Every structure is written in C-alpha cells, then in structure tokens.
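The values are calculated or read from the model by the stated rules, or taken from the named source; none is laboratory data. The structure presented is a predicted model; accordingly, all values stated were derived computationally and were not measured. Here the Cβ positions follow ideal geometry from the backbone for every residue, glycine too, while neighbour counts run over all protein chains shown. These accessible areas exclude ligands, DNA and RNA; they are computed on the full protein's heavy atoms, side chains included. Shrake-Rupley method; radii C 1.70, N 1.55, O 1.52, S 1.80 Å.
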Amino acid sequence: MPLTITAIYGSFLALFLIVLALPVIKLRRNLKVGLGDGGHPTLRQAIRAHGNATEFIPIFVILLAIFELNHASALAVHIFGAVFLAARLAHAWGLYGNTGVSIGRIIGVLGTFGGIIGLAIANLIKSLM
C-alpha cells in the first residue's frame, strides 16, 4: 500500500526544514559563527526554530505513516497532516517574532503535541482492535 498522503505531508515538512535551515546558514556566514550561536540572539532564535522542528517532525511522520498503513481513512490522515503542518508553521512564525510567549508558539505547541499524542493514541487503538 503506497503512503500517498504521508508522502505529501512528509515532503512539505522536509521542505519546511530546509526553509528553516537557510536563515541559520545565512546568519552563521554573516556573523562568522561556525558553531553555536556566538552570543547572537537572532542566530539563537533561528537555531531553535530549526532545532525544534527537527525534534518533532520525524516522530510525527513515522506515526502518520503507521496510521496510513493501518488503513486509516484518508480524511483522518489529511486532518492530522494539515493540522500538524499548520502548527509547525505557526510555531516557527511565533518563535521568529518573539522569544517569549506568543500566540504562534502556543498554537504550534498545542498542534504539535496534539498531533503526536492523537496519532499515538489512534495507532494504539487500531493495533489493539
């Protein structure tokens, strides 16, 4: 069974990781920082926006693939994928706009955790039935 829907969201999320990596590369070159953030808050923000995404995207894509492989409805797979993608976009937007609490970060965390927890529970239910 092909993972058509997971391929869509996995690909968008992979491209999003590259988009988040580009400012890190640009800032490192401009600020001449080879490792770490060199004490530059802007570089620290960019590193964390990218790092946070790399921490959560892989487990989500794995869980989404398992969900799709276990014959979940296409609509359910799309809902999980779309909500998670929107959450990651909101989180990055919120983190770039403010190092403190922001609506984007709150939405991002809720959508990210909700997607991962929801898929974990859905996969457990499907596998135990």
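Considering only protein heavy atoms and a probe of 1.4 Å, how much of the accessible area of the range 61-129 is carbon and sulfur, as a whole percent? Kindly include the intermediate steps, with their values, before the conclusion.
Details: 2990 of 3740 Å².
Of all accessible area on the range 61-129, carbon and sulfur atoms account for 80 percent.
Between Ala87, Ala72, Ala53, which gets the highest mean-square fluctuation from a Gaussian network model of the chain, Cα cutoff 10 Å?
Top of the fluctuation ranking is Ala72.
Quickly work out the Ser73-to-Val33 label distance, labels modelled 7 Å from Cα along the C-beta direction, and quote it in nm with one decimal.
4.7 nm
Say we join alpha carbon atoms closer than 10 Å with springs in a Gaussian network model of the chain; which of Leu85, Leu43, Leu95 then has the biggest fluctuation?
Judging by the Gaussian network model, the answer is Leu43.
How far, in nm, would the chain grow between Ile8 and Ile25 when pulled straight, counting 0.36 nm per residue and subtracting the alpha carbon separation?
Details: separation 17, 0.36 × 17 = 6.12 nm, distance 2.61 nm.
Length gained, Ile8 through Ile25: 3.5 nm.
Which loop trypsin sites (Lys or Arg not before Pro) in the range 1-62, with loop taken from DSSP, have no more than 13 other Cβ atoms within 10 angstrom of their Cβ? Intermediate values should be presented prior to the final figure.
On the way: sites: Lys26, Arg28, Arg29, Lys32, Arg44, Arg48; in loops: Lys32.
Hits after loop and neighbour filter: Lys32.
Scan (1) 13, 46, 34, 7, 0; (2) 14, 49, 34, 3; (3) 13, 39, 28, 14, 5, 0 for the value of P(r) over Cα pairs in 10 Å bins from 0, in percent calculated from this model and give just the label.
It is the value labelled (3).
In Å and on Cα atoms, what radius of gyration and Dmax does the range 85-129 show?
My reading of the Cα-based Rg and Dmax gives 13.5, 44 Å.
Kindly provide the helix-only [θ] at 222 nm of the chain, computed as the sum of -39,500 (n - 2.57) over DSSP H runs of four or more divided by all residues, to the nearest 500 deg cm²/dmol?
Counting only the DSSP helices, I get -29500 deg cm²/dmol.
Give the relative contact order (percent, whole number) for the range 6-95; include only Cα pairs under 8 Å separated by 6+ residues. Numbers along the way, then the final one.
Working: 45 pairs, mean separation 35.7, N = 90.
RCO, the range 6-95: 40 percent.
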